[in-house]
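Peer 1: Next up is a structure, given as structure tokens.
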Amino acid sequence: MTSHSTTDRPDFVRRQYEFAGHIRDPAHRPAPADVEDRRMGIYRELFYNNVEGFMSGTFPVLRRILEDAAWHALIRDYFNRHRAHTPLFLEMPREFLSYLENERGEHPEDPPFLQELAHYEWVELALSVADEGLEPEQLDPEGDLMTGSPVLSPLAWHFAYRYPVHRIGPDFRPDVPGDTPTYLVVYRDLHDEVGFIEINPVTRRLLELIESESGATGEELLRTIAQELSHPQPEVVVEAGRGIFNSLYEKGIIPGTRRH
């Protein structure tokens, strides 16, 4: 890491960088010479434990599947190397994802699903504090999803993962990606509870079309899918889609139709 304690800086600035550098990486960055180690130890533990504790709470599955030494090495590396772009505490997990995606690099001891599992666990926190919503004049909660234009809740996020991240835990740690992608919808319901469902490729495609075809009716969207599948009986797809719509409506993932 490049040192900021250059000779052209005022002495108090250089001392601040020495102080902060030691807290970030006490094994390789010496503490200021005239500060008692007992006092520095309080700061070392306070700063690191705050970060580590918050990460443990945000990424509980990742914490459980990693051995203590591997977990603390990971958090220490993040704490040492990453330069956050926000002072907001709740944004810290997103900063950790940025570190994993852009700075962590290849580490043989890391599980291959590390980034995807961390992302999946971050989504739960992000949804729990998200303030997106639909204005009442935009949504008809009693609208017919087949004849009207379905609306996807802004608090329902769908993702495709290479690994079945919702199943990963101490007893299930896949070494290779699944044969097919895992499609998940993570959502916040009307009671502000965060849940998830696994969906198939057809439902995933339906959600994509709802996002991109804001004026189409539910039936038109389903017939588009039937055409894409070259299905010999489009009515079968339409009828199956009616059940999909009902299930998504009950969970608040599709809370109604668009008001015109």
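Conditions (1) touching a Ser or Thr at 6+ places or on another chain (Cβ under 8 Å); (2) farther than 12 Å from Arg24 by Cβ; (3) surrounded by 17 or more Cβ atoms within 10 Å (Cβ to Cβ); (4) not charged (D, E, K, R), marked per residue:
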residue: Asn50; (1), (2), (3), (4): no, yes, no, yes
residue: Gly53; (1), (2), (3), (4): no, yes, no, yes
residue: Thr58; (1), (2), (3), (4): no, yes, yes, yes
residue: Leu62; (1), (2), (3), (4): no, yes, yes, yes
residue: His72; (1), (2), (3), (4): no, yes, no, yes
residue: Arg81; (1), (2), (3), (4): no, no, no, no
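Peer 1: Among the numbered conditions (1) aromatic (Phe, Trp, Tyr); (2) over 30 Å from Gly218 (Cα atoms); (3) outside the structural domain of Thr203 (by TED's automatic domain parsing); (4) within 17 Å of the chain's Cα centre (by Cα), tell me where Phe79 comes up short.
Peer 2: Result: Phe79 passes all but (4).
The rows are residues; the columns are (1) outside any strand (DSSP E or B); (2) free of Cβ contacts under 8 Å to residues at least 12 places away in the same chain.
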{"site": "Ser153", "(1), (2)": "yes, no"}
{"site": "His158", "(1), (2)": "no, no"}
{"site": "Asp179", "(1), (2)": "yes, yes"}
{"site": "Tyr183", "(1), (2)": "no, no"}
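Peer 1: All but one of (1) under 21 Å from Ala130 (Cβ atoms); (2) surrounded by 14 or more Cβ atoms within 10 Å (Cβ to Cβ); (3) touching a residue at least 40 places away in the same chain (Cβ under 8 Å); (4) among the hydrophobic types (A, V, I, L, M, F, W, C) hold for Phe196; which doesn't?
Peer 2: With (1) under 21 Å from Ala130 (Cβ atoms); (2) surrounded by 14 or more Cβ atoms within 10 Å (Cβ to Cβ); (3) touching a residue at least 40 places away in the same chain (Cβ under 8 Å); (4) among the hydrophobic types (A, V, I, L, M, F, W, C) applied to Phe196, the lone miss is (3).
Peer 1: So, in segment 92-150, how many residues would count as being aromatic (Phe, Trp, Tyr) and outside any helix (DSSP H, G or I)?
Peer 2: 1
Peer 1: From the set of residues in segment 206-260 that are β-branched (Val, Ile, Thr) and over 14 Å from Leu145 (Cβ atoms), which is surrounded by the fewest Cβ atoms within 10 Å (Cβ to Cβ)?
Peer 2: Per the criteria, the residue is Val236.
Peer 1: Keeping to segment 228-260, report how many residues are outside any helix (DSSP H, G or I) and of a type outside the set (A, V, I, L, M).
Peer 2: Number of matching residues: 12.
Peer 1: Turning to a different aspect of this structure: Hey, could you check segment 74-128 for residues that are of a type in the set (D, E, K, R) and in contact with a strand residue (DSSP E or B) (Cβ under 7 Å, 6 or more places away or on another chain) and say which is modelled with the lowest pLDDT?
Peer 2: If we take residues in segment 74-128 being of a type in the set (D, E, K, R) and in contact with a strand residue (DSSP E or B) (Cβ under 7 Å, 6 or more places away or on another chain), then Glu124 is modelled with the lowest pLDDT.
Rundown of residues vs (1) surrounded by 12 or more Cβ atoms within 10 Å (Cβ to Cβ); (2) of a type outside the set (A, V, I, L, M), yes/no style:
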{"residue": "Pro112", "(1), (2)": "yes, yes"}
{"residue": "His119", "(1), (2)": "yes, yes"}
{"residue": "Glu124", "(1), (2)": "yes, yes"}
{"residue": "Glu132", "(1), (2)": "no, yes"}
{"residue": "Val151", "(1), (2)": "yes, no"}
{"residue": "Trp157", "(1), (2)": "yes, yes"}
{"residue": "Pro174", "(1), (2)": "yes, yes"}
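The values are calculated or read from the model by the stated rules, or taken from the named source; none is laboratory data. Please read these numbers as outputs of a predicted model, since none were measured by experiment. Heads up, the Cβs are rebuilt from the backbone with ideal geometry, glycines too, and the neighbour counts pull from every protein chain shown.
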